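Colleague: Below is a structure I'd like to ask you about.
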Amino acid sequence: MKPTLRRRDVPESMLQADASLHPVLARVYAARGVTSREQLDLRLSRMLTPAALGGLEAACTLLRDAITNDARILVVGDFDCDGATGAAVAYRGLRMLGARRVAVRVPNRAIHGYGLTPALVADIVADGAPDLLLTVDSGIACVPGVHAAKLAGCRVLVTDHHLPPEALPEADAIVNPNLRGDGFPSKALAGVGVMFYLLLALRATLRANGAYEARAEPDLSRLLDLVALGTVADLVPLDHNNRVLVAAGLKRIRAGLANAGIAALIEVSKRRMHELSATDLGFSIGPRVNAAGRLEDMQIGVECLCCDDSVAARELAARLDAINAERRGVQQDMVDQAEAAVAKLHLDGDLPPVLCLHESDWHAGVIGLVASKIKERAHRPVFAFAPAGEGSNELKASARSVPGVHLRDLIAELDMREPGLIQRFGGHAMAAGLSLDVADFNRFRTAMSALAAERVDPAMLAAELWSDGELFGDEIDLALAEALRDGGPWGQAFPEPQFDGCFDIVSARVVGERHVAMKLKDRSQRTLDAIAFGAYDGRLPSGRVLAVFQPIVDDWRGERRVKLLVRHVEPT
C-alpha cells in the first residue's frame, strides 16, 4: 500500500530563537510538542519521584520484612526484553539492598504460557515454595496463578504496567501506574521502570529504618543501563520521564559503565559502546534478548543480564546472537506466508479492516513480529495466530494496531458480545494478546471483522508517512547529522526525525542480501551517499525520486561524513 506523505506541523516555539540549538533540531523539537528548554532537561534529578505511585507502602513493607527475615524471594520475569531486564533489575537491586536469597524464574512460553500461571506455580512449588513471589512486567491479569500461589502459602507482590482487568488478583501488594485511580503522573513506565521505582522506594524505607547508619547506601543508578534497554525495547511512549531514564542509562553505557551482559551484547551486535543510541537498543540489543524468549528459554537472556563475569557474559551473548539469527530466518518464512495470504485476500476483494492470519506450523514466539510487519505493510490491525504448543488445541494470538484503533478495547467488546469465545486476553491500545480454541478461529475472525466494520473509521486505515519537512541548500551536513544523533533519545511517541526531498539517482546497487546503496544528486547538484536497508524487491530505483530519509553520521574507515538513511523511495 503506497503511503501518503504528511509533514508534521511546526508550531511557534521559543526554541526556534535559541541560538544554542541547531535550527533544524529546534524545528524537530517543536513538532514533537517541546516548547521550552525545561522539557529538554534530561538530568536524572528531573525524574519523577516515587511518591505518587500507588501500592509502594505495602510493597516496601513486604520486601523490607523479607530482607530482615532472610526470606526466599523468587522474581518471576516475563519472556520479552522488558520482563528480562525487569527481572535483572529486581535481582541485582534486591541484592544491593541486602536480600541474600533471591532467585529468578522465567516462564517457558510453550510449557507455562504467559505470566504467573497455575502451571508455573506448580513447577515453582515442586522445587520448594518461596516465601515471596515478586512478578515483574506481568501479574496484573494472572488471577488464577496468583490464587494458586496464595494457596501454596506464598506471599505475592505484583509489579506490572499493563492495563488491569475488571477483577484484580488477590496479591498482598500491587504496584502498577495504570491501576484505576493511581496518581502517578506518567502512565508510560515500562515493567522495568516500575521495578526500578519500587527499588528506589524500598531504599528510602530501609534508610528510614536505619539500614544505612553504618554503611553506604547502594547506588541504584548502576541499574539504569538495564532500565534504558527494557524501556526502549518495550516500545512504551518516551514521555519526558522515560526520556530521562533512557538518557541516564545511555550515559552510563557510553561512559563504559554498562554491566558485563549488556557490554557483551553490544560487542556481539557490532555496535560502538561510546556512541550507542536508543535506536541501537531497540533494533540491535533488544532483539537479541527477545530472541531467547521467542524460540528457546528467556532464562538465557536473564542470565546474560545478571552476569558480572565478562567471559561468561560473552558466551551467553554469543548464544543469544545465534538464537536471534535463527529467529530472523523463522520470521522471514512466516512473513512470506502471511504476505501471500494477504495478497490472496486482495485478489478476493478489499481487505477487511482487521486481518486475522493463521498457519498451523507458525511459531508462537514469532507471531508478534509477523503481526507488526504485516500491520506496517497493510496499515490495519493484525492478529497473527499460532498453536500454543505441539499437539495443543489452543491458539495464541499476538495483535498489533494502528493509531486510533484501541486493540484491548476492541477485544474486550468482542469478549462481551461472544462469551466464551476468548479464553484469555490482555494488552494495550497498540499491542495485545489472546488465546482461544483452534476450532473457534473462523468464528473469531468473522466476529472481529464484523465488530471492526462497526468500530473502525476507514480513515484510520490510510497509510501515512510522516516527515519533518524538506531540507534546503547545505542543511544536509555532518553538523546536522550529529545534532540529530545527540538530540535524542528518540523512540515511541518521540519519533526519530526524518525528512523528504527529491533527488536524481546517480547509481544504485544491491549490497548484502536486500540492501540498496545509492548515490543521490540533490537540487544543488551535490552528490550524497545513501543506503536503504532491506529495500531490494527485485528492482532498483532509478531516475528522479522522492525520498524520505534521515541524515546520519558515517565514519567508514575513519572518515566522518554525512550519509542518508533512506526510509522510503518512490518515483516522482
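The values are calculated or read from the model by the stated rules, or taken from the named source; none is laboratory data. What you are looking at is a predicted structure, and each value in this text was computed from that prediction instead of being measured. Quick reminder, even Gly has a Cβ in these numbers, built from the backbone with ideal geometry, and neighbours come from all protein chains shown.
Colleague: Within region 400-413, does at least one residue satisfy the condition of being under 17 Å from the mean Cα position of the chain (by Cα), surrounded by fewer than 23 Cβ atoms within 10 Å (Cβ to Cβ) and closer than 19 Å to Ala292 by Cβ?
Modeller: Checking region 400-413: not a single residue is under 17 Å from the mean Cα position of the chain (by Cα), surrounded by fewer than 23 Cβ atoms within 10 Å (Cβ to Cβ) and closer than 19 Å to Ala292 by Cβ.
Colleague: Collect the residues in region 241-258 that are more than 17 Å from the chain's Cα centre (by Cα) and touching a residue at least 60 places away in the same chain (Cβ under 8 Å), keeping them in residue-number order. Explain how you work it out, then say what you get.
Modeller: The first filter runs over region 241-258 and keeps only residues more than 17 Å from the chain's Cα centre (by Cα), leaving 248, 251-258.
Once the filter is applied, which keeps residues that are more than 17 Å from the chain's Cα centre (by Cα) and touching a residue at least 60 places away in the same chain (Cβ under 8 Å), region 241-258 yields only Ala248.
Colleague: List, please: which pairs have Cβ atoms under 6 Å, are six or more places apart or on different chains, and start with a residue in region 387-401 that is polar (S, T, N, Q) and end with one that is surrounded by 15 or more Cβ atoms within 10 Å (Cβ to Cβ) and part of a loop (DSSP other than H, G, I, E, B)?
Modeller: Ser401/Pro381; Ser401/Met430
Colleague: Going through region 122-157 one residue at a time, which ones are over 27 Å from the mean Cα position of the chain (by Cα) and not in a loop (DSSP other than H, G, I, E, B)? Full working, then the answer.
Modeller: Here is the first cut: in region 122-157, the residues over 27 Å from the mean Cα position of the chain (by Cα) are 122-132, 147-155.
Residues satisfying the conditions are Ala122, Asp123, Ile124, Val125, Ala126, Leu132, His147, Ala148, Ala149, Lys150, Leu151, Arg155.
Colleague: Quick one: is Arg101 in contact with a strand residue (DSSP E or B) (Cβ under 8 Å, 6 or more places away or on another chain), assigned by TED's automatic domain parsing to the domain that holds Gly193 and surrounded by fewer than 22 Cβ atoms within 10 Å (Cβ to Cβ)?
Modeller: Numbers: in contact with a strand residue (DSSP E or B) (Cβ under 8 Å, 6 or more places away or on another chain): yes; assigned by TED's automatic domain parsing to the domain that holds Gly193: yes; surrounded by fewer than 22 Cβ atoms within 10 Å (Cβ to Cβ): yes.
Yes, satisfied.
Colleague: Something else about it: How do the pairs read when you match residues in region 35-57 that are assigned to a loop (DSSP other than H, G, I, E, B) with residues anywhere that are of a type in the set (S, T, N, Q), using Cβ under 7 Å and keeping only pairs 6 or more apart or on different chains?
Modeller: Once the first residue is assigned to a loop (DSSP other than H, G, I, E, B) and sits in region 35-57, its partners that are of a type in the set (S, T, N, Q) give Thr35/Ser13; Met47/Asn241; Leu48/Ser186; Leu48/Asn241.
Colleague: Mind listing just one residue for me: the one in region 153-167 that is without any contact (Cβ under 8 Å) to a residue 60 or more places away in the chain, surrounded by 17 or more Cβ atoms within 10 Å (Cβ to Cβ) and out of contact with any Asp or Glu (no Cβ under 8 Å at 6 or more places or on another chain) and, of those, farthest from Ala188 (Cα to Cα)?
Modeller: Applying the filter and picking the extreme gives Val158.
Colleague: Output yes when any residue across region 168-179 is more than 21 Å from Phe425 (Cα to Cα) and surrounded by fewer than 24 Cβ atoms within 10 Å (Cβ to Cβ), and no when none is. First the steps, then the outcome.
Modeller: Step one: list which residues in region 168-179 are more than 21 Å from Phe425 (Cα to Cα), which gives 172-173.
From what is left, the residues that are surrounded by fewer than 24 Cβ atoms within 10 Å (Cβ to Cβ) are 172-173.
Taking every residue of region 168-179 in turn, at least one turns out to be more than 21 Å from Phe425 (Cα to Cα) and surrounded by fewer than 24 Cβ atoms within 10 Å (Cβ to Cβ).
Colleague: A further question on this structure: If you take the residues in region 542-572 that are acidic (Asp, Glu) and over 13 Å from Ala532 (Cβ atoms), which one is nearest to the chain's Cα centre (by Cα)? So that I can check it myself, show each step before the final result.
Modeller: Restricting attention to region 542-572, the residues satisfying the condition of being acidic (Asp, Glu) are 554-555, 559, 570.
Checking which are over 13 Å from Ala532 (Cβ atoms) leaves us with 554-555, 559.
On the way: Asp554: 26, Asp555: 28, Glu559: 33 Å.
That would be Asp554.
Colleague: Would you please name the residue that is modelled with the lowest pLDDT, looking only at residues in region 1-34 that are among the hydroxyl-bearing types (Ser, Thr, Tyr) and within 23 Å of Glu475 (Cα to Cα)? Working first, answer last.
Modeller: Residues of region 1-34 that are among the hydroxyl-bearing types (Ser, Thr, Tyr), as a first pass: 4, 13, 20, 29.
From what's left, within 23 Å of Glu475 (Cα to Cα): 13, 20, 29.
On the way: Ser13: 81, Ser20: 87, Tyr29: 96.
That would be Ser13.
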